Structures are given as C-alpha cells and as structure tokens.
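Visitor: Handing you this structure, nothing more for now.
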Amino acid sequence: MNSSRQIYNLQEIFNELSYYHNSPIDLSTLKEFLDNRCVQGKFDRDVFEQLAEQIRLQDGKATINDFINIVLKAQGVLSDKLISAQQKWEQNHNNLAQYVEKLNQLQFTEINNGFQNSILNIDIQEGQINYKSGGLLQVRLNCGTQQYLTKSVLKSQALWNQTYEFKINYGDEKIDVFLLDKDIIGEVAAYTQLSVQDFIDQSEHDMWIELADRISRIPKALLHVKIQWIYSRKQYLQNLITQTKQEIEELRVQILDHKTDLNLLSQPFLRAPKRIDEISKPNQPVIIQSYSAFPQPQQLQEYIDRLLRISLLLIICYFLITSLVNFERCVFVDYLVIFYQFLFYQKNHKLQSLLHIKVIIGMLVFVIFADIVWLSIYSTPYMSDLNVFYDHPEFFLHKYTVVISWIMLLLKIAIIGFYIHIYATYPDKQTQVYDQQWQSIFGNQSVPRIN
C-alpha cells in the first residue's frame, strides 16, 4: 500500500474522532478513541507512550495529523527492521547449510597436525600517525624468518589495504610490527609485538593496534588491521556453525518481536472506518470531538454541497454563454476549462479532490486575464458610435460579441469566487490526500517520509 493511500485510510478512521485534524486534542481523548477501536482489549500502553514521546506536544495536546505521521513512521521503521531481520535469517540459514556441507566433506580428509603449516592472515588497512612526519611511511611485519614490507605512503594518505600470510608451526610465535619513516634515522618510528595465541579462537579480529616508540614507549601511531589464524578448518567450521545457529535464534526472536509490535500498533486500524451516516446515528457510542466555533461536520458538508450545486449551475451558464460567444470569437481555452470543471464533478467524492479546485482556479485566472486583455482592446471601437452610419451585419455581430464577453467575464469572476470560498470553507484541507500531493509536488510541504 502506498503512502498516500495509508494516509487517506488513517484520516478516514480519525474522522470518527474529529474532522479537524490540525486542532490540538488531549492525549487522554486520543487514547480513549484508540481503545474503543481495538478489536481485542485496549491499545497497548507501552506502544502509545512511545508514540507520544515522538510528538511535539502543545500544552499536553497533539494534533491528529501529527499522530498519523508518527504512526506511519513507526510502521515504516518496524517494517524495515522486519524485512532486514528476515533477510538475515534466510542468509544465515543458507550459510549454515554450506558450513555443514563443508564440515561433512572435511570429516575424513583433514588430518590433525596441531598447528603445523597453519596460516595466519594479516590485512594492513590504514594508519593514524600522531607525530610530525614529511617522509614516506611503510609497515614491516616479521615472524621468525618471514618478513613482509608494505608499499610506501605519505602521512596524509596512510592507506595500505594489503594482505599477508604467515605460516605458523608451533602456535607460540610472535609477530613484530614496525612503522618505518624515511625521515627518521634508523627508520623505525614505532613498534609493537603481537602474540599468535591472541587469535587462537580462529575468528577474524578487526582491531586498531597501538605502535609506540621503542625506547620512550610514547604512542606514535595507530594501525587498523584484520587478523585471522586458522589452524583447524574442521574446528573453525564447527565454531561457525555454532555461532550461526545462535544468530538464527536471535533473529527468530527479533522477527517475532517486530511482528508483535506491528500487530499491536495496527490494532486500532484493523476495522474499516465508519461512514458519515453511521457516525451520525443516535445512541451509538462514538467519540466525536465538538468545536463550537465551527459548524458540525454534517452541516458543513451540506453547506459545501450547496455551494458545489450552485457553482455547477454557473458552469452550465458559462458553457452556454461560451457557445454563444464562439460564433464570433474562438474560445477554445474556455472550453478546456469547462471540460476540466465538469470532470471535477464527475470524479469528485465527498470533496476529496481539493487539488482539482486549485487547478480550476488557476485556469480561470488565466482565461479571465485573457478576457480582460481582449475586452480592453475591442470594447471601445466595437461599442462606440464611430461607425454609426456604417450599416453592416458584421458590426452588429461585433457588438453582440463584446456584450456576451462582458457577461462571460462577470460569470467567470463569480465562479472563481465560489471556488475560492469552497476551498477556504473546508475546515481541514491538510487531511486531503490530493492537497498533500500538491504540496509534495510544488515543495510547500513534503508528504511525511519515514526515516
């Protein structure tokens, strides 16, 4: 379900509480409304408190629109977490199957030689140099007779991303790490020593190691490395299997928690919203917040419907007069405006398409401007007595066109006045999904997005 549809559905539900979605409402009233809409029991208090904490309250009150935005944001965050957990759960299941298969293959092929000919991998990533240096830097790794030297880099670009392998036979070897600087006599700027036994768990160790001056022991640099020592592939796979099973179980619990939270959050919105006639039935326990400064929702809707009927009659007159003017003056733009206005009355439902009213007002402004320009040019010569002795049917037709055009201009002004009044009368325009689409397109206010 897209965001606009979700917003519309929630707005329809909260219309049972109030039609004025931008007016502050007590949290207790909001909580009672959500309790009444829950299919089973009351709305979860922990969930409600977490939602309330995310709202900017005004004197302990919140607007319905703010609450809707927070609900949508919470649903989006929980849905993303659920999808991510499910994807990780599936990936871990696939990894587990591969580990088990590899372990079965090694059961009868791997010979236990202790640490003999095992491999320790060191990946030199980057460095942080904490002293002044303008020379080229290198990292040297020593393990017994084995030695590696990285490429040379500048202090400002201390990146290596180089991997080296050491053969380990006894398990008690030491790895000497030197930072070499061409600007320093003897070149050794900092040093540290690593013990192979520190990596006996066969896991990958992603770590920063500290290198210090060999004499003063003052820290000189940090080195980002990844180190892994694998001496038994069978044991390594067994550890991976155990770890993966634990992760699968943790993910299973996370998935259940996310589903539970989503279900609790959706409880008040599972039932379909009630229609206006259902809300208005007597002896029905529905919470409707009253505002004495505004007409009641039913009366307001009837008033707007009357305005729409009157404006429809004016549009029909507009169409007839446009047809009369068309004998002398081409008015294709007016026909386009009339067509769009009739389309509005066919597609509109409970005045949900306030965006159409804005478009119609804009089109009417354009054709009114065109009429004013045309009449300012042709009214004086066609209506004056300069050609009183010129008796010709075309002169009468010009006069007829000017008179009808003036009538049509006044009619357009009346129609645009009705539409502006209708739009201004509607109490809570921000609850209309089409109005929010307008603002999203033209940048006045973005449709709520989920972080």
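The values are calculated or read from the model by the stated rules, or taken from the named source; none is laboratory data. All of these numbers come straight from a predicted model, not from anything done at the bench. Ideal geometry is used to build each Cβ from the backbone, glycine not excepted, and the neighbour counts take in all protein chains shown. Keep in mind that these areas ignore ligands, DNA and RNA; they rest on the heavy atoms of the full protein, side chains included. Shrake-Rupley method; radii C 1.70, N 1.55, O 1.52, S 1.80 Å.
Visitor: If we keep just the residues of region 347-376 that are more than 14 Å from Ile415 (Cα to Cα) and modelled with pLDDT of 80 or more, which is most open to solvent (accessible area, probe 1.4 Å)?
Guide: For region 347-376, the residue satisfying everything is Phe369.
Visitor: With the requirement that a residue be open to solvent by 20 Å² or more (accessible area, probe 1.4 Å) and outside any strand (DSSP E or B), what does region 119-141 give you?
Guide: Those that are open to solvent by 20 Å² or more (accessible area, probe 1.4 Å) and outside any strand (DSSP E or B): Asn130, Tyr131, Lys132, Ser133, Gly134, Leu136.
Visitor: Sticking with this one: In region 142-179, what count of residues is obtained for those that are assigned to a strand (DSSP E or B) and open to solvent by 10 Å² or more (accessible area, probe 1.4 Å)?
Guide: 16
Here is a yes/no grid of residues against (1) at pLDDT 60 or above; (2) polar (S, T, N, Q); (3) within 30 Å of Gln6 (Cα to Cα); (4) surrounded by fewer than 13 Cβ atoms within 10 Å (Cβ to Cβ):
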| site | (1), (2), (3), (4) |
| --- | --- |
| Val388 | no, no, no, yes |
| His398 | yes, no, no, no |
| Thr401 | yes, yes, no, no |
| Tyr419 | yes, no, yes, no |
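Visitor: While we're looking at this one, here's another question. Does Ser379 satisfy the criteria of being in a loop (DSSP other than H, G, I, E, B), of a type in the set (Gly, Ala, Ser) and at pLDDT below 80?
Guide: No, not satisfied.
Visitor: Mind checking which residues of region 218-254 are farther than 30 Å from Leu137 by Cα and of a type in the set (Phe, Trp, Tyr)?
Guide: Tyr231, Tyr236 - these are the residues of region 218-254 that are farther than 30 Å from Leu137 by Cα and of a type in the set (Phe, Trp, Tyr).
Visitor: So which pairs qualify, if the first residue must be in region 396-414 and farther than 12 Å from Leu324 by Cβ, the second must be assigned to a helix (DSSP H, G or I) and modelled with pLDDT of 85 or more, the Cβ gap must be under 6 Å, and the two must be at least 6 apart or on different chains?
Guide: Listed pairs, sorted by first residue: Lys412/Ile368.
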